């Protein structure tokens, strides 16, 4: 239990430490990250579809 | 100055450069040669068996592909002194950081399972039981890693890299026709026209050339070795030589199977080794030894890539220069990843084919993200300064990355839906 609590607090600490992206959010960076989000979203949808059809 | 003085001066200069290279060489050579892991050996063996020498020209194209992607990790590591996982967390925030770290953990573990499958299959040819192979590998890797010095680990890893060249004498032993290699292999051609089978194999070759763990491994390795900005030139040379060697080894494998097994159905490299043994015992044995070595090299690098990444994010000591007492979690995570992956091939009826397919699919989720982050980080002039990507580097690397993303995505989708491209 103590270890779990320590682990959770460590995750929180990491989330706080890296809360704000340090790279300058130029248009190019924003666009790339948006495309990446869409790409991964579609890929996850395909995987879920495959999982459902296999079941 | 007379002629001999000039000659002596030039010799001293070249010798100094060679000595400097030998000090800095390591991360590039190891990552590139480890790229020919168990899965890679299977892909190249199948390429030769299916298409003979016809796709050698395509393999040559993989030299710049591998080099341009990996050299960016050298610059990034040497300038920021941070591994790829930490660089992603810091620059893109916790969301993308966790996504990359968790994805890397899954991909690395699954790939590690495939390395153990390759190693156990290779040694089974010599009658070594799978459980003994797994124990031997874990003990051997423990000895290599626990010595507490990056330098020693690297030199041992380079020794295993040397063993990876075993395919070169094997290729000479099969007495291939040089004119056929040149005539069929070096002139770009698509044997039998462009079809799904060929497309799948080309994608598999690209997929084995650039894997997500390679980016994380080389950058962390550069940091652990302590390379500085002034070492970037030699680090890039190291990566370039490594990319040539990795493709050369791939070509020699294609020559071996293309000469002796052309037309034979090859599902994995162990099958190829068994078939080769019937033709020539030594060549079959070379193939099996090479497969074991490839799996071992892959396992060494992949398990370290994960441990380095965890250490960077969780703030644990994470260097091969530290003793177990100083960095317990680094070594614990290393052995947990290794041991749990090693157990899987020993489980009767374990879904190994499914795992192999799953590796391809999960890798497709991580590779594009890691590559996009890499290019964005290399364009962060505030951090990278004079080592940021130039316009030409951006054009070349963007073309390569976009191509890799398209092809690896198609490869992943074809693994998910095998009938889609038929």
Whole-angstrom gap from region B:249-294 to region B:144-204, using each part's C-alpha centre: 11 Å
Which residue fluctuates most in the GNM of chain B (Cα springs below 10 Å): B:82, B:149, B:391? B:391
Separation between the residue B:410 and residue A:35 pseudo-spin-labels, each 7 Å from Cα along Cα→Cβ, expressed in nm? 1.8 nm
Distance in nm between pseudo-label sites at residue B:132 and residue A:26 (7 Å out along the Cβ direction from Cα): 6.0 nm
Using the count of nearby Cβ atoms within 10 Å as a rough guide to exposure, how do B:37, B:267, B:380 rank from fewest to most? B:267, B:380, B:37
B:306, B:124, B:177 arranged by Cβ crowding within 10 Å, fewest neighbours leading: B:177, B:124, B:306
Classify region B:1-111 from the C-alpha gyration tensor, please: rounded if a/c falls under 1.5, else prolate or oblate depending on whether a/b exceeds b/c. oblate
Quick calc, residue B:229 & residue B:18: beta-carbon distance into FRET formula, R0 25 Å, rounding 0.05, result 0.75
As an exercise, use a Förster radius of 41 Å and the Cβ-Cβ distance of residue B:402 and residue B:149 to find the FRET efficiency, rounded to the nearest 0.05. 0.50
Taking the alpha-carbon centroid of each part, what is the distance from region B:1-78 to region B:324-385 in angstrom? 23 Å
Is there a simple number for the mean count of other chain Cβ atoms within 10 Å of the Cβ of residues in A:30-37, and what is it? 3
By count of other Cβ within 10 Å, fewest leading, how are B:105, B:287 ordered? B:105, B:287
Please find the FRET efficiency linking residue B:394 to residue B:187, where r is the Cβ-Cβ separation and R0 is fixed at 45 Å, and quote it to the nearest 0.05. 0.90
Cα shape, chain B, gyration tensor, a/c 1.5 rule: rounded
With only alpha-carbon atoms counted, please give the Rg and Dmax of region B:271-422, in Å. 20.4, 60
Heads up, region B:164-263 by the C-alpha gyration tensor (a ≥ b ≥ c square roots of eigenvalues; a/c under 1.5 rounded, else a/b over b/c prolate, else oblate) looks prolate
Counting partner chain Cβ atoms within 10 Å of every residue's Cβ in A:44-50, what's the average? 3
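None of the figures in this text is laboratory data; all of them are computed from the coordinates on show. Keep in mind that this is a model prediction, so the values were computed, not measured. Quick reminder, even Gly has a Cβ in these numbers, built from the backbone with ideal geometry, and neighbours come from all protein chains shown.
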